[in-house]
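First the structure, in the form of C-alpha cells, and then the observations on it.
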Amino acid sequence: RLQLGALEGSALGNYLHGVHHLDRSLAELFTNLADAGLADNTIVAIYGDHDSRLPLTPELLRLAGISAWSPAVPLQLDRIAGLVVLPKGQVHAGVSTVGGHIDLAPTLLHYLGIPAPRSFAGAVLLPGQQDPGFAVFADGSAIGEARAYAAAGRGIPGAGACFEHPSWRPLPLAECKALTARAQQTLTRSRAIADHDLARSLALPLATGP
C-alpha cells in the first residue's frame, strides 16, 4: 500500500490506493503476456470511461496543480487515462493532441494498418501531431481550436463559459461560438448514427457509376 499520510482514509486516498492496485495488476498482465509468448504480437489498449468522480476538495485541486476553483475546473479535471501499448515498444511517446473516446478506434485501426470506415467520426491520435485536436462532451462542452467551452452547470453560468486553451484564460462567450457550433454538429451526427443504426450502411463502399 501507498503511504499517504493525511490523505489516508479519505475518498482521495482510497482512489490513489485503487490506482496503485490497478498499476500492479497491469504489471502482472504484461508479465503474463510475455511468459505466454504473446507480448510480441499483441496490442494492448487501456482506457478509462469516466473521470475520478471525486469531490473537488482543496486537496484534490492541489494534487492537480490548480490553485483555486473556477468554471474551467470541471473541464480541466475531466481527463481520463488512455494508453496504447504496441508490440516490441514500437512507439515511446505521449500524445499532446486533445482527443476523446471517439478517437480510440480510429487510432487502433491506424496501428493495425486498417482504414477506418466512414461511420467512424473520430480522428487518429499520434505523437508529434501539430493539430491541437478536438473533443466534445455529452453536455455540449468542448475543447479545440485554441478554445475551451464549459456548458452550464454547478458554478457555471447558464450560457456557459469560454476560455483560451491551454492557458484557461477567461474569454468572452462569443469567442467560443465556432467551437460550440462544431460541438453540436458532432453530437448530432454521432447520435444520428447510433439512433438510426447507420454504422453498418456507412461502412459499405460508396456507390460508383450512374
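Annotations
- Within the range 60-73, the set of residues being open to solvent by 80 Å² or more (accessible area, probe 1.4 Å) and more than 20 Å from the chain's Cα centre (by Cα) comprises Arg62, Ser67, Trp69.
- When the range 138-159 is filtered for residues that are open to solvent by 50 Å² or more (accessible area, probe 1.4 Å), at pLDDT below 95 and touching a helix residue (DSSP H, G or I) at 6+ places or on another chain (Cβ under 7 Å), the ones remaining, listed by number, are Glu145, Ala159.
- Any hit, the range 12-21, residues being closer than 20 Å to Val84 by Cα, part of a helix (DSSP H, G or I) and open to solvent by less than 80 Å² (accessible area, probe 1.4 Å): yes
- Here Ala6 meets each of (1) open to solvent by 60 Å² or more (accessible area, probe 1.4 Å); (2) touching a strand residue (DSSP E or B) at 6+ places or on another chain (Cβ under 6 Å) with one exception, condition (2).
- Screening the range 105-119 for residues that are of a type in the set (Gly, Ala, Ser) and within 21 Å of Ile193 (Cα to Cα) and picking the one that is modelled with the highest pLDDT gives Ala105.
- Restricted to helices (runs of 4 or more DSSP H) entirely inside the range 41-115, those with at least 3 residues that are within 25 Å of Ala151 (Cβ to Cβ) and in contact with a Ser or Thr (Cβ under 9 Å, 6 or more places away or on another chain) are 73-77.
- Any pair with Cβ under 9 angstrom, 6 or more apart, that starts in the range 160-172 at a residue that is free of Cβ contacts under 8 Å to residues at least 60 places away in the same chain and open to solvent by less than 70 Å² (accessible area, probe 1.4 Å) and ends at one that is polar (S, T, N, Q) and assigned to a loop (DSSP other than H, G, I, E, B): Gly160/Ser141
- Of residues in the range 123-179 being part of a loop (DSSP other than H, G, I, E, B) and among the aromatic types (Phe, Trp, Tyr), the one nearest to Gln76 (Cα to Cα): Trp168
- Restricting the range 39-55 to residues that are open to solvent by 80 Å² or more (accessible area, probe 1.4 Å) and not polar (S, T, N, Q) leaves a set whose member that is nearest to Leu109 (Cα to Cα) is Tyr47.
The values are calculated or read from the model by the stated rules, or taken from the named source; none is laboratory data. Keep in mind that this is a model prediction, so the values were computed, not measured. All Cβ positions, glycine included, derive from the backbone under ideal geometry; neighbour counts span all protein chains shown. All accessible areas refer to the heavy atoms of the entire protein, side chains included, with ligands and DNA or RNA removed. Shrake-Rupley method; radii C 1.70, N 1.55, O 1.52, S 1.80 Å.
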